[in-house]
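Have a look at the structure below before the remarks.
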Amino acid sequence: MTADDASTGLGKESKTPFEQGYVTCGSDGGHRSLDIMNGLLNNEGISHFGMARPVICEPDLLKKWETGDFTAPKCVSCNQCFTTVGKCCILDKHKTHS
């Protein structure tokens with residue numbers, strides 16, 4: 001342990017606030033596979049995910065996953081949903097986009 005380590009109390013065996021559970025870590029962007037997301041959740045310490053575009057494209061996506069339908073999301077990450085009034089997916093031909 002160096003003098004700096006002794007004065008701060010941060011020895012090599014100290015854990016970061018993240019490792020101690022004081023800080024959560026989320027991941028956003030490009031998540032499309034429930035298996036990969038489960039791996040990140042269980043093995044990498046990721047506690048939550050942002051999935052705005054896939055949920056804009058398919059508002060029932062999480063419900064589908066919950067009921068066992070693990071079909072890949074339809075979202076192609078084109079970002080056009082963020083350019084529409086009301087944040088609508090342009091791939092959804094059944095909705096009116098103004």
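Scanning the range 24-44 turns up at least one residue that is more than 25 Å from residue 78 (Cα to Cα), of a type in the set (Ser, Thr, Tyr) and at pLDDT 65 or above.
Assess whether residue 21 counts as being at pLDDT below 85, surrounded by 10 or more Cβ atoms within 10 Å (Cβ to Cβ), at positive phi and in contact with a helix residue (DSSP H, G or I) (Cβ under 9 Å, 6 or more places away or on another chain).
Answer is no for this residue.
Cβ separations smaller than 6 Å between residues 6+ apart or across chains give the following pairs from the range 60-82 residues that are closer than 13 Å to residue 31 by Cβ to residues that are among the β-branched types (Val, Ile, Thr): 61/55.
The values are calculated or read from the model by the stated rules, or taken from the named source; none is laboratory data. Predicted model, so just to flag it, every value in this text is computed and none were measured. Virtual Cβ from ideal backbone geometry, glycine too; neighbours counted across all protein chains shown.
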